[in-house]
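For reference, the structure is listed below as structure tokens.
The values are calculated or read from the model by the stated rules, or taken from the named source; none is laboratory data. Because the structure is predicted, anything quoted here is derived from the model rather than measured. As a convention, Cβ positions derive from the backbone with ideal geometry for all residues, glycine included, and neighbour counts pool all protein chains shown. Just so you know, the surface numbers come from the protein's heavy atoms only, side chains and all, with ligands and any DNA or RNA stripped out. Shrake-Rupley method; radii C 1.70, N 1.55, O 1.52, S 1.80 Å.
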Amino acid sequence: MGDASCRRPAVAAFALVSCGILISNAAPDVGSGVWLVAALAAGVGLSLAPGVWARLALGVAVVCLGAGWFALRVHETPADFIGRAMPDGRDTPLVIEGVATESARTSEGGRGRLGRFLAIPPSSSFPVRVERAVTPDGGSLRAVGEMRVLSREVVDDVRAGDRVRITGMARGVEPPRNPGGSDSRLWSAQRLEAGALRVPARGLIERLPPSDSAWSTVRSRWWSIVGAMRERTRSVLMGAIERSPDDAHSAGRALLAAMLLGERGEPLRDVEVTFQRLGLAHMLAISGLHLGALAWAALLALRATGDRGWVEPVIIALVVLAYMIIVPAKTPVMRAGIMTLAFLLAEALGRRYDRVNTLAWIGVVILAWRPMELFAAGFQLSFGVVAALMLLAEPLRTRWFGERPDPDTLSAGAKAIEILKDWISAAVAAWAVSAPIIAHHFGIFSPLGAITTVLLAPALLAMLAIGYLMLIASAIAPSVGAVIGPALTALGSLTTQVAFLFDGGPWAAVYLPRLSVAWAVGMTMVIVVWLQRGAKSWRLRIALAVMAAWLAGACLDDGLDAHTSARIDTLAVGDGTCILVRARACAGCRSGERACDVHGAPEVMAQRRLGEPTHQEPTQQEIGGRVFVTDSLLWDCGSLRLTLGEREIPRALRALGAWRVRTVVISHEDLDHYSALPDIVGPLGVRTVLVGESFLREVEERPRGPVAFVRDEMERQGIRVLAVAAGDVVEVGGARLTFLSPPAGSVWRRANDASLVARLDVGTEAGERRFLFTGDIEAEAIASLLESEADLRANVMEAPHHGSARAFAIDFVARLDPEMVVQSTGPRRAGDDRWEDVRAARTWWTTATDGAVSVRFLRDGRIEGAGFREQEADPGRVDRHRAGSER
């Protein structure tokens, strides 16, 4: 602690509280009572211990208080929390009564790039603050918590503040299903969010009369007023910017709605991806920067009436507080609001204050409000960037541009140059400090981040200021929006076009492998020292070299341990399929001294690698018998949840160590097998997509369909799409993937039978092991396959058509008699009793219940399988099966 803690005690308090939260998160079984007793004991020691021991006791007490508060808020929910009535992952009939905190919003069509190709009827949703739960006998019990109501039919008469009774099927917040995912249950627990209530019919939503309880009436009235203010503000802004209905301005309108009101939607998708790649994603989420612009706009409007002295920060604080009420009360908004209000309060008091100390106290308050914020990228970026601007921007400016000149001696042009120097220094400091945090959380580095911030942030800040002034003025004169709106929309469109131009250039973004917290912390420390002192110190250069070597090691790590010959990871994507295939070069291929069980003689393997197909599209006569070479591949990458490719799939693959996957195989043209492809090719660096001939026929037959859209998107990004058929081979590291069906030129009566079927052969010390990929094949393709491959067998196989319980599929699995079956499916097909006899005779993994499933072929011939949820519950538990001898 020392002298620094005396000057800035809040910094020490923030660090100690953070340590307590980290310790409690790592020890979830320790209750809040234990921590609070420990804090009390440390407090007693504080009163008895002298000198440095008293300081140590104080530090321990603060750590224990932070740990106890985290345990109380996150690990221990109230006894009447409605979420306790909903087990994880299962639908539960439920009737609730409560208050709608927002008006029902209607959405049309599907989400994601391919959502427009699905005929999804309009639906509605709204949040409800639960007050009571209705029991089966008609009684009711007091309950607390918040639930999201999802209605399959349009609901247009529920307004914020209405009391409602709703009957539906409830599902609690689910644990993570894939590697790399955070546990949403912890985040929801601190906010008392219980999950979703799905309502099949509008008639199951009843509006209730006002409650007899005075408190309930006051709360309903509050939400009604807030909802009306939100609707009014939204109608003013959208009415102003939509006066330019041209589609060319759709991106600009989406940008303005996101920046000013926190609106999200499909029109923002491309803008959001571009801003993330350029390091400008923070501009889209309402943050301290936005509220600072609001405060500045309010100050301009106030100064137009004269200097108001100490009243100015009070009025501006009221404006900021009103804004926090009318925009959706999401955590980033509240965090930014608390930060802005705290600094305004410090200014209003008229006393000198330490900005860093104030910032640290704000951090302590936010952690007391929501302790899980410590783990949020937004929290880390907000406080990290603000601290960098306070502490590091000025030393960097002095080192780069020298001491500041006397402003009274400068001309207007010289003052503008000095402002530009300040802006460049601040942009570089913010970009440098945020880069390791972004790299850790999102796996992306934006080399152009500082440049785009310097060039685009002034326009974005101008849009914020003008937009806020328009909202303030429109409250008095509604016609102001008609004048300013079109010009503001045009500015937004111009800004997005410039951003798209930067994003189209080389090195706009570099995708990175999984980077640890330790690397992010170490790199941040190196950057802080560099910003303060420059790179002259040899110690700093050594530290930078160590961090660079650490990063290089992460880039070279393929995620496979030394005992694994091949690994197949089936991600949990609901109704769909996404399977990662990786393999090490086997001993024969590595040494080049003996024949390999899978690939044959070393010289044959060399010929295959030299014979990799060229970029030219093959003719039908050339299909079959070719060899492709890759380090890893994805077998399918789709789901009926069309947004999985945006974050969840790339995040899971990074967590598995597969941050680069050059080849994707699409088994056939059903949407749930390729819907994520347009989103993942950039982050994963995909170069080649292998498809069946039926996929390309679908492009010709439906040139405006989803398959054609995906093929065109691949061409736009320079990715080759090649047709494969039976006889073609993909060398995946030391394993060999051989396509068995369909034969080249074949046509099937049912589209599913055109699915690609392939066998992965893995060489081990105990002989060859096999994994069979089946796609969605049905009766005709299965019969053809069994006829052409009389000795077909597999140690592990994919359940055909997601495990649909059809007689031909059940017979097919029983005939192959694998040791393991992996079923990639959603809840609808999981646990079907018709599979019971076949399922009981082997290990059966289902992604709907087990989460992501990993199958490892070990070098000694053993085969290990593990489900992600089971590993999370018990990291040491793995089902092991030895091929051959134990069966």
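If you check Arg662 against the conditions, is it open to solvent by 10 Å² or more (accessible area, probe 1.4 Å), free of Cβ contacts under 8 Å to residues at least 40 places away in the same chain and either in contact with a Leu (Cβ under 6 Å, 6 or more places away or on another chain) or within 21 Å of Arg584 (Cβ to Cβ) (or both)? Can you show your working first?
Numbers: open to solvent by 10 Å² or more (accessible area, probe 1.4 Å): yes; free of Cβ contacts under 8 Å to residues at least 40 places away in the same chain: yes; either in contact with a Leu (Cβ under 6 Å, 6 or more places away or on another chain) or within 21 Å of Arg584 (Cβ to Cβ) (or both): yes.
Taking the combined requirement at face value, the residue satisfies it.
So which residues in segment 132-144 are in a loop (DSSP other than H, G, I, E, B) and β-branched (Val, Ile, Thr)? Break it down into steps so the answer makes sense when it comes.
In the first step, residues of segment 132-144 are kept if they are in a loop (DSSP other than H, G, I, E, B); the result is 135-139, 143.
Scanning segment 132-144 gives a single hit, Thr135.
In the set Arg159, Arg129, Arg116, which member is touching a helix residue (DSSP H, G or I) at 6+ places or on another chain (Cβ under 9 Å) and either among the aliphatic types (A, V, I, L, M) or part of a loop (DSSP other than H, G, I, E, B) (or both)? Break it down stepwise before answering.
Values: Arg129 fails: either among the aliphatic types (A, V, I, L, M) or part of a loop (DSSP other than H, G, I, E, B) (or both); Arg116 fails: either among the aliphatic types (A, V, I, L, M) or part of a loop (DSSP other than H, G, I, E, B) (or both).
Of the residues listed, the single one that is touching a helix residue (DSSP H, G or I) at 6+ places or on another chain (Cβ under 9 Å) and either among the aliphatic types (A, V, I, L, M) or part of a loop (DSSP other than H, G, I, E, B) (or both) is Arg159.
For segment 736-747, give me each residue that is buried (at least 17 other Cβ atoms within 10 Å of the Cβ) and out of contact with any strand residue (DSSP E or B) (no Cβ under 6 Å at 6 or more places or on another chain).
Pro742, Ala744
Sort out for me the helices (runs of 4 or more DSSP H) sitting completely within segment 1-105 that have 3 or more residues that are under 30 Å from Ser184 (Cβ atoms).
On the way: elements: 2-7, 9-26, 32-48, 51-70.
Because the criterion is at least 3 residues that are under 30 Å from Ser184 (Cβ atoms), the helices (runs of 4 or more DSSP H) in segment 1-105 that meet it are 9-26, 32-48, 51-70.
Determine which member of the set Ala298, Ala285 is touching a Pro at 6+ places or on another chain (Cβ under 9 Å) and either of a type in the set (D, E, K, R) or closer than 28 Å to Leu491 by Cα (or both).
Working: Ala298 fails: touching a Pro at 6+ places or on another chain (Cβ under 9 Å).
The unique qualifying residue is Ala285.
For segment 493-539, what are the residues that are under 26 Å from Ala426 (Cβ atoms), assigned to a helix (DSSP H, G or I), charged (D, E, K, R) and open to solvent by 50 Å² or more (accessible area, probe 1.4 Å)? Don't jump to the end; show me each part of the working.
Here is the first cut: in segment 493-539, the ones under 26 Å from Ala426 (Cβ atoms) are 494-503, 505, 507-510, 512, 515, 519-537.
Pick out the ones that are also assigned to a helix (DSSP H, G or I) and you get 494-503, 519-533.
Right, trim to charged (D, E, K, R) and you get 503, 533.
Selection gives Arg533 alone.
Name the single residue, out of those in segment 176-199 being assigned to a loop (DSSP other than H, G, I, E, B) and touching a Ser or Thr at 6+ places or on another chain (Cβ under 8 Å), that is nearest to Glu131 (Cα to Cα). Step through it out loud before you land on a result.
Here is the first cut: in segment 176-199, the residues assigned to a loop (DSSP other than H, G, I, E, B) are 176-183, 192.
Next, from what is left, pick out any that are touching a Ser or Thr at 6+ places or on another chain (Cβ under 8 Å): 176-177, 192.
Details: Pro176: 28, Arg177: 31, Leu192: 13 Å.
Across segment 176-199, the extreme among qualifying residues is Leu192.
How do the pairs read when you match residues in segment 545-563 that are of a type in the set (A, V, I, L, M, F, W, C) with residues anywhere that are modelled with pLDDT under 95 and open to solvent by 50 Å² or more (accessible area, probe 1.4 Å), using Cβ under 6 Å and keeping only pairs 6 or more apart or on different chains?
Pairs found: Leu560/Arg584.
State all residues of segment 464-490 that are under 19 Å from Leu255 (Cβ atoms), in contact with a helix residue (DSSP H, G or I) (Cβ under 6 Å, 6 or more places away or on another chain) and at pLDDT 75 or above; if no residue qualifies, say none.
If the condition is that a residue be under 19 Å from Leu255 (Cβ atoms), in contact with a helix residue (DSSP H, G or I) (Cβ under 6 Å, 6 or more places away or on another chain) and at pLDDT 75 or above, then Leu464, Ala465, Ile466, Gly467, Tyr468, Leu469, Met470, Ile484, Gly485, Leu488, Thr489 are the ones that fit.
Open to solvent by 70 Å² or more (accessible area, probe 1.4 Å) and modelled with pLDDT under 95, is that true of Val30?
Working: open to solvent by 70 Å² or more (accessible area, probe 1.4 Å): no; modelled with pLDDT under 95: yes.
No; evaluated as a whole, the condition is false for this residue.
Might you let me know whether segment 129-149 holds any residue that is farther than 21 Å from Pro209 by Cα and free of Cβ contacts under 8 Å to residues at least 40 places away in the same chain?
yes
Could you check how many residues of segment 476-492 are without any contact (Cβ under 8 Å) to a residue 60 or more places away in the chain and open to solvent by 50 Å² or more (accessible area, probe 1.4 Å)?
So the count comes out to 4.
Would you please list the contacts, defined by Cβ atoms under 8 Å and residues six or more apart or on different chains, that run from a residue in segment 571-582 that is without any contact (Cβ under 8 Å) to a residue 24 or more places away in the chain to a residue that is outside any strand (DSSP E or B) and open to solvent by 10 Å² or more (accessible area, probe 1.4 Å)?
none
Is it fair to say Leu65 is open to solvent by 70 Å² or more (accessible area, probe 1.4 Å) and not basic (Lys, Arg)? Let's see the steps before the verdict.
Details: open to solvent by 70 Å² or more (accessible area, probe 1.4 Å): yes; not basic (Lys, Arg): yes.
When the stated conditions are applied, Leu65 passes them.
Among (1) open to solvent by less than 50 Å² (accessible area, probe 1.4 Å); (2) over 21 Å from Ser182 (Cβ atoms); (3) under 31 Å from the mean Cα position of the chain (by Cα), where does Leu389 come up short?
For Leu389, the exception is condition (1).
In this structure, is Thr453 touching a helix residue (DSSP H, G or I) at 6+ places or on another chain (Cβ under 9 Å) and open to solvent by 10 Å² or more (accessible area, probe 1.4 Å)? Break it down stepwise before answering.
Working: touching a helix residue (DSSP H, G or I) at 6+ places or on another chain (Cβ under 9 Å): yes; open to solvent by 10 Å² or more (accessible area, probe 1.4 Å): yes.
Judged against the criteria, Thr453 is a match.
Before we move on, is Phe375 within 20 Å of Gly262 (Cβ to Cβ), aromatic (Phe, Trp, Tyr) and surrounded by fewer than 21 Cβ atoms within 10 Å (Cβ to Cβ)?
Spelling it out, it is not the case that Phe375 is within 20 Å of Gly262 (Cβ to Cβ), aromatic (Phe, Trp, Tyr) and surrounded by fewer than 21 Cβ atoms within 10 Å (Cβ to Cβ).
Tell me, yes or no, whether segment 1-20 has at least one residue that is over 23 Å from Asp183 (Cβ atoms), under 34 Å from the mean Cα position of the chain (by Cα) and of a type outside the set (A, V, I, L, M). So that I can check it myself, show each step before the final result.
Restricting attention to segment 1-20, the residues satisfying the condition of being over 23 Å from Asp183 (Cβ atoms) are 1-16.
With under 34 Å from the mean Cα position of the chain (by Cα) added as a condition, the list becomes 10-16.
Among the residues that remain, those that are also of a type outside the set (A, V, I, L, M) are: 14.
Yes, segment 1-20 contains at least one residue that is over 23 Å from Asp183 (Cβ atoms), under 34 Å from the mean Cα position of the chain (by Cα) and of a type outside the set (A, V, I, L, M).
With the requirement that a residue be among the basic types (Lys, Arg) and over 26 Å from Gly692 (Cβ atoms), what does segment 632-661 give you?
Of all residues in segment 632-661, those among the basic types (Lys, Arg) come to 641, 647, 651, 654, 660.
Across segment 632-661, the qualifying residues are Arg647, Arg651, Arg654.
When you go through Leu653, Leu634, Leu671 one by one, which is the residue that is open to solvent by 10 Å² or more (accessible area, probe 1.4 Å), hydrophobic (A, V, I, L, M, F, W, C) and in contact with a Leu (Cβ under 9 Å, 6 or more places away or on another chain)? Break it down stepwise before answering.
Values: Leu653 fails: open to solvent by 10 Å² or more (accessible area, probe 1.4 Å); Leu634 fails: open to solvent by 10 Å² or more (accessible area, probe 1.4 Å).
Leu671 is the lone residue from the list that is open to solvent by 10 Å² or more (accessible area, probe 1.4 Å), hydrophobic (A, V, I, L, M, F, W, C) and in contact with a Leu (Cβ under 9 Å, 6 or more places away or on another chain).
So which helices (runs of 4 or more DSSP H) are wholly in segment 208-316 and hold at least 3 residues that are without any contact (Cβ under 8 Å) to a residue 40 or more places away in the chain and open to solvent by less than 50 Å² (accessible area, probe 1.4 Å)?
Filter on segment 208-316 gives 250-261.
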